[in-house]
1. Give segment 116-137 a look and list any residue that's surrounded by fewer than 17 Cβ atoms within 10 Å (Cβ to Cβ), more than 16 Å from the chain's Cα centre (by Cα) and part of a helix (DSSP H, G or I), or say none.
2. What are the pairs, 6+ residues apart or on separate chains, where a residue within segment 161-186 that is in contact (Cβ under 8 Å) with a residue 60 or more places away in the chain and under 25 Å from E219 (Cα atoms) has its Cβ under 6 Å from a residue that is acidic (D, E) and crowded, with 16+ Cβ neighbours inside 10 Å?
3. Conditions first: (1) crowded, with 16+ Cβ neighbours inside 10 Å; (2) among the aliphatic types (A, V, I, L, M); (3) free of Cβ contacts under 8 Å to residues at least 12 places away in the same chain. I85 passes all but one, so which condition is the exception?
4. Sort out which residues of segment 4-54 are surrounded by 18 or more Cβ atoms within 10 Å (Cβ to Cβ) and assigned to a loop (DSSP other than H, G, I, E, B), and write them in order of number.
5. What do you reckon, is S32 of a type in the set (S, T, Y) and farther than 30 Å from T127 by Cβ?
6. Out of the helices (runs of 4 or more DSSP H) lying entirely within segment 138-243, which hold 1 or more residues that are touching a Pro at 6+ places or on another chain (Cβ under 9 Å) and either at pLDDT 95 or above or of a type outside the set (S, T, N, Q) (or both)?
7. Pairs only if they're at least six apart or on different chains, beta carbon under 6 angstrom, first in segment 141-160 and in contact (Cβ under 8 Å) with a residue 12 or more places away in the chain and under 22 Å from R105 (Cα atoms), second of a type in the set (D, E, K, R) and not in a helix (DSSP H, G or I); list them, first residue then second.
8. Out of curiosity, is S161 out of contact with any Asp or Glu (no Cβ under 8 Å at 6 or more places or on another chain), within 20 Å of E65 (Cβ to Cβ) and not basic (K, R)?
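The values are calculated or read from the model by the stated rules, or taken from the named source; none is laboratory data. Just so you know, these numbers come straight off a predicted model, no measurement behind them. Every residue, glycine as well, gets a Cβ built from its backbone with ideal geometry; the counts of neighbours run over all protein chains shown.
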Amino acid sequence: MTRVLQSSNPRHVAIIMDGNGRWASARGLPRSAGHKVGVDAVRRAVRAASDFGIEFLTIYSFSTENWTRPKTEVMFLLELLRRFISQDVAELHASGVKIQIIGDRANLDAKLVRMIEDAERLTAENTKLKLTVAFNYGSRQELVRAAQKIAAQVQSGTLNSDSITADTLSQSLDTAGMPDPDLMIRTGGEERISNFLLWQCAYAEFVFVPEFWPEFNAEIFARAVAEYNARERRFGGVKAQTA
């Protein structure tokens with residue numbers, strides 16, 4: 001496996017896992033086959049993130065817009081999350097991975113919500129890697145929830161509107177307490193953000209890879225991290241002058 005220097009690696013990597021359906025269609029398989037194989041790619045990504053010394057890995061699993069897909073596909077994706085929790089959480093816990101699921105839980109099955117909560121409680125004290133799964137997540141909807149939360153605090157008198165800052169909003173998001181992503185990877189050859197971490201990715205570096213998500217492995221991950229390491233991040237400033 002290709003290794004990259006941990007001293008310069010991103011602290012937080014976010015991934016848009018795109019291309020499961022296209023991978024399956026190219027092989028004459030149902031879309032569900034691509035989603036199923038995609039779970040193996042998640043496992044490879046988690047192992048690689050740990051190997052590379054990355055502290056935070058956030059993956060886009062199911063968007064709020066995905067409910068418009070065929071019902072059979074939606075039900076399969078929900079079942080995959082259940083399987084992931086029941087089959088993988090114990091091993092992830094043993095490996096020191098902390099699990100967090102972000103997104104709107106209001107319209108999820110009560111049993112699935114309990115499974116999510118149990119997984120989060122079980123792994124809450126782990127420190128090796130924080131794995132965040134964005135499920136039933138949409139960044140615009142997240143920003144609306146954050147605005148509603150802040151408005152409620154202002155209305156109750158616990159927050160002065162004049163004291164609202166960018167940090168106030170950041171701490172009201174689903175990702176509160178996490179650093180913003182340094183690197184955003186999208187697989188499948190598409191080059192768009194698709195309503196994922198809009199606020200948080202203001203200064204992230206974007207790397208778009210042609211491989212479909214089921215093909216994702218440590219080599220592709222390392223290639224994306226190497227590209228990140230080759231860039232100069234200026235955060236709106238100018239390149240440092242040399243003497």
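1. The answer is E117, D118, R121, L122.
2. From residues that are in contact (Cβ under 8 Å) with a residue 60 or more places away in the chain and under 25 Å from E219 (Cα atoms), the pairs are L183/E205; R186/D18.
3. (3)
4. Result: V4, N9, P10, M17, D18, G19, F52, I54.
5. yes
6. Hits in segment 138-243: 218-229.
7. E142/D174
8. no
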